[in-house]
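**Student:** Below is one structure. I have some questions about it.
The values are calculated or read from the model by the stated rules, or taken from the named source; none is laboratory data. These figures come from a predicted structure and were not determined experimentally. For neighbour counting, all protein chains shown are included, and Cβ atoms are generated from backbone atoms with ideal geometry for every residue, glycine included.
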Amino acid sequence: MIPEWSIVGFAGHREIAKPSNVAAQIGTALDRLAAHCGALAAVSSAASGADILFLEEVTRRKLPLLIILPFHVARFEKDFAPADWQRVQAFVNNALQVEEINGAASDAEAYMEAGERTVEQADIVIAVWDGKPAVGLGGTADAVAHARMLEKPLIWINPVTGSVVEERFERLSPRKVIEVGNDSPRKTVEQHFQRLDESATRQAPQARQLIQQIILIHLFASAVGLSVPTFGLHGLVGSSIILIELAVLVAAFLLTSTQHRKHEGWMRMRIEAEICRSFLATWQLRYRAGHFSKIAIHGFDRLCKNLRLIQCLDGNLQPTLAEACNDYLETRIRSQINYFNEQSTKAHRAHQRLKIFALGCTATAALVTASRLVLSYFAIEGMAAAVPELLSLVLPLVSAALFSIILTQEYSRRAERNGEMVAMLEHAVRQLSVVRTWNGLARIAAETEGQLIQEVVEWHAYSRFVATSH
């Protein structure tokens, strides 16, 4: 299992009248959260004042720390006296990851952006705030307002009155602490990925066939029901066939009512596996994480946060550029090219096969209907007339069912989309063949992972749609 952390974000004033009292209250809040939520990690800026008090308490408890700076480190250093900067630099150097805000129009906007990102990455926010409205842009009051707007649990420490207010604490749920153990962080993720991938692969055939089974069962029930009036069946035989139709429809109802839960479970497992696969593929590029766009998949935010943290905990990996580039090319790009090529071929063949069969059923139905006219003209009755009559009614339903399967399984789109993904990946191969810098490798990987994850997002949205009863 992947270790789970509850991430504590922080915001606070620069000027603190009683720093020792506030530090004690921050420590108490962290200890209470640890008792309730299990393993904690922290995310904060590193400005003077309350930020430093928070970072000291985090360091004392040896919590994983992520720092978000409003500027590049060299520019941020100018906000401190030399002696104060040495204190701050120690936190920056020991953080698992340092994220820097780039492109802000002003210092105030940079601080505002840093505060908002801190709140957004956190599961719960601790704020040292005097309760007064913000003066200007990017203050503690703005961070508190952002946390409230996002409905984040909040612990508000008032440095003037000493009061502590808890908001939305009921949203916090206890979490089981799972240690990384003796294995390396990457090994832990690899093992988790293997379990997810194997389980999802086992469940895939059943999950994918559920919709087809429901369509075909309804088709069978219709065919059984039509046979009664077509053949003029009465008495025990007719009643028995009607009972069979009823049993088939009940089975279809039960299958329809339960298929969504099974399909959703398989789909979630498959997406979690693909997220883990993406993290493993870019494992050696974690120090260039600022280049990666964060494409959100609704419902999987916590998994991504935990994977980022465990990735940051792996401090032993120092590959060369050539090693990292080759590893990404072989383990990610080429394997995905093979996968999408295979899937494109399968989808194209399935689409063609079902389409030909469906058109054949339609054509056969037309011929059978024509034969009914001939039989009617010659006044031929009995079984010789009843069989064509039944086929003329059932075959159009078979054709409609097959076209429904083509639609729900989106074979045509998948064949086209998989071909597009292959073209994108082959372009990445050409780019990687000439890359000469870490930034270049990180940029190519970011663009590629963005496309691959976007494909997962689209598939997730479509799969949820076709798996839902309408």
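**Student:** When the residues of region 29-44 are narrowed to those that are assigned to a helix (DSSP H, G or I) and in contact (Cβ under 8 Å) with a residue 40 or more places away in the chain, which ends up nearest to Val164 (Cα to Cα)?
**Tutor:** Of everything passing the filter in region 29-44, Ala29 is nearest to Val164 (Cα to Cα).
**Student:** Right, another one. For region 128-176, name all the residues that are crowded, with 20+ Cβ neighbours inside 10 Å and in a loop (DSSP other than H, G, I, E, B).
**Tutor:** Across region 128-176, the qualifying residues are Trp129, Gly138, Gly139, Pro153, Pro159.
**Student:** Check region 94-108 and report whether any residue there is at pLDDT 90 or above and of a type in the set (Asp, Glu).
**Tutor:** No: region 94-108 contains no residue that is at pLDDT 90 or above and of a type in the set (Asp, Glu).
Yes/no per residue for (1) in a helix (DSSP H, G or I); (2) of a type in the set (Val, Ile, Thr); (3) outside the structural domain of Cys325 (by TED's automatic domain parsing); (4) modelled with pLDDT of 85 or more:
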site: Val394; (1), (2), (3), (4): yes, yes, no, no
site: Val429; (1), (2), (3), (4): yes, yes, no, yes
site: Val435; (1), (2), (3), (4): no, yes, no, yes
site: Gly440; (1), (2), (3), (4): yes, no, no, yes
site: Ala445; (1), (2), (3), (4): yes, no, no, yes
site: Glu449; (1), (2), (3), (4): yes, no, no, yes
site: Ile453; (1), (2), (3), (4): yes, yes, no, no
site: Val457; (1), (2), (3), (4): yes, yes, no, no
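**Student:** Residue check: is Val398 under 32 Å from the mean Cα position of the chain (by Cα), in a helix (DSSP H, G or I), at pLDDT 75 or above and surrounded by 15 or more Cβ atoms within 10 Å (Cβ to Cβ)?
**Tutor:** no
**Student:** Next up: Given (1) of a type in the set (Lys, Arg); (2) under 24 Å from Arg302 (Cα atoms); (3) in a helix (DSSP H, G or I), identify the lone condition not met by Lys62.
**Tutor:** So Lys62 meets the others, but not (3).
**Student:** So in region 13-28, with the set limited to residues that are free of Cβ contacts under 8 Å to residues at least 60 places away in the same chain and of a type in the set (A, V, I, L, M, F, W, C), which one is surrounded by the fewest Cβ atoms within 10 Å (Cβ to Cβ)?
**Tutor:** Ala24
**Student:** Residues to consider are Val125, Val135, Val144; find the one that is under 25 Å from the mean Cα position of the chain (by Cα) and either at pLDDT 90 or above or over 30 Å from Leu313 (Cα atoms) (or both).
**Tutor:** Exactly one residue qualifies, and that residue is Val125.
**Student:** Output the residues belonging to region 330-386 that are buried (at least 17 other Cβ atoms within 10 Å of the Cβ) and under 30 Å from Ala442 (Cβ atoms).
**Tutor:** Arg332, Ile333, Gln336, Ile337, Phe340, Gln343, Ser344
**Student:** Counting only residues that are surrounded by 15 or more Cβ atoms within 10 Å (Cβ to Cβ), over 29 Å from the mean Cα position of the chain (by Cα), over 21 Å from Ala141 (Cβ atoms) and among the aliphatic types (A, V, I, L, M), how many does region 74-117 have?
**Tutor:** 2
**Student:** A follow-up question, please. Restricting attention to region 65-99, report how many residues are touching a helix residue (DSSP H, G or I) at 6+ places or on another chain (Cβ under 6 Å) and part of a helix (DSSP H, G or I).
**Tutor:** 3
Quick grid of which residues meet (1) hydroxyl-bearing (Ser, Thr, Tyr); (2) over 31 Å from the mean Cα position of the chain (by Cα):
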site: Ile2; (1), (2): no, no
site: Val8; (1), (2): no, no
site: His13; (1), (2): no, yes
site: Ala23; (1), (2): no, yes
site: Gly38; (1), (2): no, no
site: Ser44; (1), (2): yes, no
site: Thr59; (1), (2): yes, yes
site: Leu63; (1), (2): no, no
site: Ile68; (1), (2): no, no
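**Student:** Using the structure shown, decide if Gln97 is assigned by TED's automatic domain parsing to the domain that holds Ile26 and in contact with a Cys (Cβ under 8 Å, 6 or more places away or on another chain).
**Tutor:** Yes, satisfied.
**Student:** Next question, about the same structure. Given the conditions (1) among the small types (Gly, Ala, Ser); (2) touching a Leu at 6+ places or on another chain (Cβ under 9 Å); (3) within 26 Å of His36 (Cα to Cα), report the number of the one that Ala143 does not fulfil.
**Tutor:** (2)
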